[in-house]
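In what follows, a structure is listed as structure tokens, so that the remarks can point back to it.
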Amino acid sequence: MSIDTRKNAALLYQTAENQNQTEKYFYVLNSLNERLNQDADLYQFIDNRQYSAIDKIQRVQCAFNNQLDNEVLSVFFLQCEAIDRSHIELVLLHDYLTYYYHLRDTSFGTIYSARLLPVDQIEKVEKAISKQIERNVKLENKIDESLLAGVK
């Protein structure tokens with residue numbers, strides 16, 4: 001996390017809190033993060049600066065069959081446009097989730113694998129790490145095609 005994105009993640013969280021919608025924001029942004037970790041095409045689209053916030057919202061809504069809250073997506077993507085930095089959507093999304101979990105005394109991290117891991121396997125790794133560091137852990141699963149097998 002950079003100081004810039006940490007500040008913006010906190011501002012985004014504060015916006016959610018001011019609207020009494022922290023769980024809605026978490027649900028939408030966590031759902032988006034999970035989809036981006038699995039869908040390379042959507043990831044590339046969101047990461048491309050040539051598309052506007054409106055284009056990105058429409059593409060996300062299409063991927064989710066219009067099931068995500070449009071207001072949350074609008075706030076998120078418009079804040080990203082205001083920052084005007086490459087890869088900011090992906091960084092801010094991760095930093096927002098990190099901040100959300102930090103406020104709940106949970107460490108947020110990434111487990112890389114050659115293929116998508118079943119939820120029960122991720123939970124086993126979370127429990128093992130939690131036991132070692134004596135703190136709750138939540139892991140996101142990202143695909144790393146350079147891995148032949150196993151996890152990192």
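The values are calculated or read from the model by the stated rules, or taken from the named source; none is laboratory data. As the structure is a computational prediction, the values presented were derived from the model and not from experiment. No Cβ is skipped: glycine too gets one built from the backbone with ideal geometry, and neighbour counts run over all protein chains shown. Accessible surface areas use protein heavy atoms only, side chains included; no ligands, DNA or RNA. Shrake-Rupley method; radii C 1.70, N 1.55, O 1.52, S 1.80 Å.
On full extension, the segment bounded by GLU17 and ILE54 gains 10.9 nm, given 0.36 nm per residue less the C-alpha separation. Per residue, the accessible area of the range 12-117 comes to 51 Å², computed with a 1.4 Å probe over protein heavy atoms only. The value obtained for the range 29-97, namely the Cα convex hull volume divided by the number of residues, is 76 Å³ per residue. Under 5 Å between amide hydrogens, built in the peptide plane, is the criterion, and for GLU140 it picks out GLY109, THR110, ILE111 among residues at least 5 positions away or on other chains.
Share of carbon and sulfur in the accessible area of the chain stands at 49%, probe radius 1.4 Å.
Placing R0 at 30 angstrom, the Cβ-Cβ distance between ILE83 and LEU147 gives a FRET efficiency of 0.45 after rounding to 0.05. The residues packed around GLN38, meaning those with a beta-carbon under 13 Å from its beta-carbon, carry a net charge of -3 if Lys and Arg are +1 and Asp and Glu are -1. Our note on the geometry: Cα centres of the range 99-121 and the range 12-36, 16 Å apart. Take every pair of alpha-carbon atoms less than 8 Å apart whose residues are at least six positions apart; their mean separation over the length of the chain yields a relative contact order of 26 percent.
Whole-percent P(r), the range 108-149, all Cα pairs, 5 Å bins from 0: 5, 25, 30, 21, 14, 5, 1. For GLN44 and LEU103, the FRET efficiency from 1/(1 + (r/R0)^6), where r spans their Cβ atoms and R0 equals 22 Å, is about 0.10.
DSSP beta bridges confined to the chain are antiparallel in about 10 percent of cases.
Counting only Cβ charges, +1 for Lys and Arg and -1 for Asp and Glu, the dipole size of the chain around its Cα centre is about 360 debye.
Using a cut-off of 29 Å between Cα atoms, the listed pairs LYS24/LYS124; LYS24/LYS152; LYS131/LYS152 include LYS24/LYS152 as exceeding that distance. A DSSP coil position with no more than 16 other Cβ atoms inside 10 Å describes the following GluC sites (Glu not before Pro) in the range 88-142: GLU134. Here the relative contact order of the range 70-152, from alpha carbon pairs under 8 Å that lie six or more residues apart, stands at 31 percent.
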